[in-house]
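Worksheet: one structure, shown below.
Every number here is computed from the coordinates shown, using simple stated rules; none is lab data. The structure presented is a predicted model; accordingly, all values stated were derived computationally and were not measured. Cβ placement follows ideal geometry from the backbone for every residue including glycine, while neighbour counts extend to all protein chains displayed.
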Amino acid sequence: MMKKKYIFLLVLVAAFAGFYYLTPSFESIVKQVVHKYGSAVTGTDVNLEGFNLKLADGEGHIGKITVGNPKNYKLKNALELGGISVKVNIKSLTQDTIVIESVEIDKPVINYEILSLTQNNLSQLLENIKKNTASAEKAEQKEVKAQEKQTSSAEKDSGGKKVIIKKLVVRGGEISVAASAAADITKTTAKLPEITLTNIGEDKKGASVAETVSKVLTKILNTAYKTIVDSKIADLKNVAEENLNNVVGGVKERIKEIGIFGK
């Protein structure tokens with residue numbers, strides 16, 4: 001009878017991302033890891049919904065990874081990464097560093113939400129990631145050390161793992177532009193350019209979950225933000241100003257209806 005052993009396996013998404021464990025409950029464990037480290041880095045709610053990994057050939061699929069919006073924004077999620085396919089080097093599963101040959105994220109949705117002319121959700125997420133990554137990495141390292149102390153010498157080789165992603169591609173993405181005050185939240189859309197990242201973590205012979213999540217999300221968010229700023233900046237200003245005027249106008253009409261200003 002095989003001994004129960006677990007192996008961390010980073011999968012992005014999210015990417016994002018998380019570690020797989022080779023136990024009967026690895027699906028629930030990977031969801032917990034994605035939620036834990038993704039949320040720690042972004043400062044928002046990060047969740048993985050459904051995935052499977054075929055250990056025979058190293059091919060896997062993730063249903064969806066969602067990255068929640070920061071506080072004060074109307075939409076629930078800032079990013080929805082669905083249709084994620086991964087290819088893992090099976091031989092690396094028993095090594096200190098797991099090698100993921102490829103990650104493909106197809107048709108992600110990025111919700112760019114304007115709170116004001118100087119505030120938007122993508123900029124806030126980028127700020128959160130920059131601020132939180134170092135502390136998230138330290139927390140991850142501390143947890144790995146604690147796990148190593150609790151495991152037997154026979155199980156230590158399947159403890160905390162580092163990860164290298166040879167190639168990650170994001171394609172077919174769409175950016176929806178919204179204003180928090182809007183009655184009809186989606187006002188315009190833009191196409192997200194194809195994104196390719198290579199050899200993530202290779203320079204360090206493997207990256208942590210927190211560091212990998214940080215790198216991938218930063219690239220996706222920066223690309224989305226630059227796309228909107230370069231091609232839709234005038235529209236964004238109009239959207240924000242239009243919806244501010246709509247709110248003010250609606251308040252005035254309501255005041256007239258209840259007779260505060262008199263007739």
For q values of 0.18 Å⁻¹, compute log₁₀ I(q)/I(0) with the Debye formula on a Cα-only model of segment 26-232, without solvent.
-1.35
Packing-ranked peptide list from 122-132, 162-172, highest mean Cβ count within 10 angstrom first, is 162-172, 122-132
What order, most packed first, do the peptides 104-115, 134-145, 37-48 have when packing is the mean number of other Cβ atoms within 10 Å of each residue?
37-48, 104-115, 134-145
Hey, can you rank 197-206, 93-102, 75-84 by average C-beta count inside 10 Å, highest first?
75-84, 93-102, 197-206
Per-selection Rg to Rh, segment 25-94 - Cα, Kirkwood hydrodynamic radius:
1.05
